[in-house]
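S.K.: Got a structure for you, questions after.
Only the coordinates and a few stated rules stand behind these numbers; no lab work does. Every value quoted in this text rests on a predicted model; they were computed, and no experiment measured them. Counting neighbours? That spans all protein chains shown, and the Cβs are built from the backbone with ideal geometry, glycine included.
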Amino acid sequence: MGDKGLLHDKIIMITGSSSGIGAAAARVFAAEGAAVVLMARREGPLRELADEIRAEGGDAEVAVGDVTDAADVERAVGRAMRAFGRLDAAFNNAGWGTLGTALHETDDDVFDRIMDVNVRGVWNCMKQQIPAMLGRGGGAIVNTSSTAGLFATGVVSPYVAAKHAVLGLTRAAAAEYGGRGIRINALIVGSTRTELLEQAIEAVPQLEQAATSRAIQRRLAEPAEIARAAAWLLSDDASFVTGGAVPVDGGCSAV
Ligand SMILES: NC(=O)c1ccc[n+]([C@@H]2O[C@H](COP(=O)([O-])OP(=O)(O)OC[C@H]3O[C@@H](n4cnc5c(N)ncnc54)[C@H](O)[C@@H]3O)[C@@H](O)[C@H]2O)c1
């Protein structure tokens, strides 16, 4: 990394940036010299985060919206284009899951919601981001999958299916656009200390032990540890990495 930062001068869109891994990514990317476009549904936390980044001397724009809504995603990419003139990279991180009820007891609307946020969300984002990146001759995308994208972790089955689908979309898109300069990777995120997981642990305290028992490093990840891996994948340092299922899971997927 040079003095100017790993992501110097890059324009990066981050979805799900109002909390957890996405908010950590906004801070890490900005500290590494990127201008960030923050997308999530909650305006208040997004504006606070953007103000914090600007106060540190960084550049941040806010695009309030829902990734399940293609028009909202189009507006967010448009915001990057209007504010900065281009989009260099994207971290498609917004996602949602719930605790593991048995498949036959899980409501259909839970299935629909999980597929919508995790899979359609990434689909909507890549559909809008890719043309913007082709317009400038290439780019880089990281999509947030999970250890649940590789095997049954014990979480609710539609989430396992959805994160497998995120990995499938990532590989297919990487193959389609690699020749035109766009690198696309998936992060295999292990259990991470965020709002999503804290709420689940509050409801089921034994979950923390269960979530970490399988890994080599038996602890939860901090959101910034996931964000730093995303920063590297989006940087030019990862120039020969594409179509990857990159584990940031304390070795959970190795054993
Ligand atoms: N925390 C973990 O243990 C863990 C493990 C593996 C994968 N993940 C994945 O990491 C990603 C980030 O999760 P997190 O743990 O930081 O959760 P979080 O709940 O703290 O943050 C999720 C973010 O996504 C946003 N979001 C949710 N639905 C959205 C929608 N429809 N449109 C726009 N934004 C939306 C939320 O507002 C929030 O900003 C998710 O894709 C999640 O599935 C998390």
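S.K.: May I ask you to list the residues in region 98-110 that are within 15 Å of the ligand (Cβ to nearest atom) and either within 10 Å of residue 158 (Cβ to Cβ) or not acidic (Asp, Glu) (or both)?
M.R.: Those that are within 15 Å of the ligand (Cβ to nearest atom) and either within 10 Å of residue 158 (Cβ to Cβ) or not acidic (Asp, Glu) (or both): 98, 99, 100, 110.
S.K.: Return the total of residues in region 208-227 being surrounded by 18 or more Cβ atoms within 10 Å (Cβ to Cβ) and either more than 8 Å from the ligand (Cβ to nearest atom) or more than 24 Å from residue 119 (Cα to Cα) (or both).
M.R.: Looking only at that region, the number is 5.
S.K.: Now for a different question. Out of the helices (runs of 4 or more DSSP H) lying entirely within region 60-145, which hold 2 or more residues that are surrounded by 14 or more Cβ atoms within 10 Å (Cβ to Cβ) and of a type in the set (D, E, K, R)?
M.R.: 70-84
S.K.: Here is a follow-up. So, in region 41-59, exactly how many residues are part of a strand (DSSP E or B) and closer than 17 Å to residue 21 by Cβ?
M.R.: Summing the residues that are part of a strand (DSSP E or B) and closer than 17 Å to residue 21 by Cβ in region 41-59 gives 0.
S.K.: Check whether at least one residue in region 41-63 is near the ligand (Cβ under 9 Å from one of its atoms) and at positive phi, and report yes or no.
M.R.: No - not one qualifying residue is present in region 41-63.
S.K.: Which one of these is within 11 Å of the ligand (Cβ to nearest atom) and either among the aliphatic types (A, V, I, L, M) or closer than 18 Å to residue 99 by Cα (or both): 248, 241, 255, 204?
M.R.: 248
S.K.: Condition check: in contact (Cβ under 8 Å) with a residue 24 or more places away in the chain, within 11 Å of the ligand (Cβ to nearest atom) and in a loop (DSSP other than H, G, I, E, B). Does residue 166 satisfy that?
M.R.: no
S.K.: Go through region 231-255 and give me each residue that's part of a helix (DSSP H, G or I), more than 23 Å from residue 33 (Cα to Cα) and in contact with a strand residue (DSSP E or B) (Cβ under 7 Å, 6 or more places away or on another chain).
M.R.: Residue satisfying the conditions is 253 alone.
S.K.: Okay, moving on. Considering only region 208-230, state which residues are touching a strand residue (DSSP E or B) at 6+ places or on another chain (Cβ under 8 Å) and part of a loop (DSSP other than H, G, I, E, B).
M.R.: 220, 222
S.K.: Still on this model: What are the pairs, 6+ residues apart or on separate chains, where a residue within region 2-18 that is without any contact (Cβ under 8 Å) to a residue 60 or more places away in the chain and under 8 Å from residue 39 (Cβ atoms) has its Cβ under 6 Å from a residue that is in a loop (DSSP other than H, G, I, E, B) and within 16 Å of the ligand (Cβ to nearest atom)?
M.R.: From region 2-18, no pairs qualify.
S.K.: Being β-branched (Val, Ile, Thr) and within 14 Å of the ligand (Cβ to nearest atom), is that true of even one residue in region 125-133?
M.R.: Looking through region 125-133, none of the residues is β-branched (Val, Ile, Thr) and within 14 Å of the ligand (Cβ to nearest atom).
S.K.: How many residues are touching a Lys or Arg at 6+ places or on another chain (Cβ under 6 Å) and closer than 22 Å to residue 78 by Cβ if we restrict to region 20-36?
M.R.: Residues in region 20-36 being touching a Lys or Arg at 6+ places or on another chain (Cβ under 6 Å) and closer than 22 Å to residue 78 by Cβ: 1 in total.
S.K.: I'm trying to understand the selection: among the residues of region 170-182, which are over 18 Å from residue 248 (Cβ atoms) and crowded, with 21+ Cβ neighbours inside 10 Å?
M.R.: 173, 182
S.K.: I've got another one for you. List every residue pair whose Cβ atoms sit under 6 Å apart, with the two residues 6 or more apart in sequence or on different chains, where the first one lies in region 174-185 and is assigned to a helix (DSSP H, G or I) and the second, anywhere, is not aliphatic (A, V, I, L, M).
M.R.: Listed by first residue and then by second, the contacts come to 174/242; 174/243; 178/242.
S.K.: Looking only at region 19-40, how many residues end up being touching a residue at least 40 places away in the same chain (Cβ under 8 Å), in a helix (DSSP H, G or I) and either away from the ligand (no atom under 16 Å from the Cβ) or in contact with a Gly (Cβ under 8 Å, 6 or more places away or on another chain) (or both)?
M.R.: The qualifying residues number 1.
S.K.: Do we find that residue 89 is more than 14 Å from the ligand (Cβ to nearest atom), under 19 Å from residue 4 (Cβ atoms) and among the hydrophobic types (A, V, I, L, M, F, W, C) in this structure?
M.R.: Against the criterion (more than 14 Å from the ligand (Cβ to nearest atom), under 19 Å from residue 4 (Cβ atoms) and among the hydrophobic types (A, V, I, L, M, F, W, C)), residue 89 qualifies.
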